[in-house]
């Protein structure tokens, strides 16, 4: 089984450092150009089926590719970004300040009306249990934190150090390709590749800010 995992294009909230979580937000001009570049890159891949977060930024990132190739898409809440609850629509530094002020394990921290990272892991694991039974070439369109949860689940990682390593790599439309093996020794063909963005103006392009 071949799994391609992609994060959505840049949004206005990414650009402005506003927490978006599981809210619907709009792509920026750069985000739309990233989506167009991604579409051309995905044409080089054989894809049988697509599973995508049902949030607008993922739908909009997929749209240029779906204009070029007709593939069945299943939109699902299971691939949504982590809900940041009461911090959504507020400056992202407020959320990180709240995290820094809390004691305990980071993965268990749950903002009011939101989710913890462990909550995201549980719904991701439920989703993977279903799709990993299929022998297909699958594209997943999702979000920064959710993508990390998928990778940590696949490689049985539970530590914050690995989480932080992936976060540093997580740019908009970054593409990861994994060839899944029955023995669990999965082969990473490409990890957070952004080679398709080389011709874009990336002066303001950052890593995984605001998901």
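The values are calculated or read from the model by the stated rules, or taken from the named source; none is laboratory data. Here the structure is a predicted model, which is why all the values come from computation and not from measurement. Ideal geometry is used to build each Cβ from the backbone, glycine not excepted, and the neighbour counts take in all protein chains shown.
Restricting attention to the stretch 1-12, the residues that are over 19 Å from residue 72 (Cβ atoms) and either within 14 Å of the chain's Cα centre (by Cα) or surrounded by 20 or more Cβ atoms within 10 Å (Cβ to Cβ) (or both) add up to 5.
In summary, residue 150 fulfils each of the numbered conditions (1) at pLDDT 95 or above; (2) more than 16 Å from residue 51 (Cα to Cα); (3) crowded, with 19+ Cβ neighbours inside 10 Å; (4) touching a helix residue (DSSP H, G or I) at 6+ places or on another chain (Cβ under 6 Å) with the single exception of condition (2). Residue check: is residue 71 surrounded by fewer than 19 Cβ atoms within 10 Å (Cβ to Cβ), in contact with a strand residue (DSSP E or B) (Cβ under 7 Å, 6 or more places away or on another chain) and over 23 Å from residue 9 (Cα atoms)? In short, no. Restricting 15, 44, 57 to those that are assigned to a helix (DSSP H, G or I), at pLDDT 95 or above and over 16 Å from the mean Cα position of the chain (by Cα) reduces the list to 15.
Of all the numbered requirements in (1) in a loop (DSSP other than H, G, I, E, B); (2) out of contact with any helix residue (DSSP H, G or I) (no Cβ under 8 Å at 6 or more places or on another chain); (3) free of Cβ contacts under 8 Å to residues at least 60 places away in the same chain, residue 122 misses one, and that requirement is (1).
Only residues that are assigned to a strand (DSSP E or B) and under 8 Å from the mean Cα position of the chain (by Cα) were counted in the stretch 134-149, giving 2.
Taking the criterion of being surrounded by 12 or more Cβ atoms within 10 Å (Cβ to Cβ), within 21 Å of residue 60 (Cα to Cα), more than 13 Å from the chain's Cα centre (by Cα) and at pLDDT below 95, the only residue of the stretch 164-201 that qualifies is 200. Under the condition of being in a loop (DSSP other than H, G, I, E, B) and either free of Cβ contacts under 8 Å to residues at least 40 places away in the same chain or over 27 Å from residue 86 (Cβ atoms) (or both), the residues counted in the stretch 19-41 number 4. In the stretch 83-91, the condition of being on the phi < 0 side of the Ramachandran plot, surrounded by 17 or more Cβ atoms within 10 Å (Cβ to Cβ), within 14 Å of the chain's Cα centre (by Cα) and not in a helix (DSSP H, G or I) is met by at least one residue. Assess whether residue 114 counts as being assigned to a loop (DSSP other than H, G, I, E, B) and out of contact with any helix residue (DSSP H, G or I) (no Cβ under 8 Å at 6 or more places or on another chain). No.
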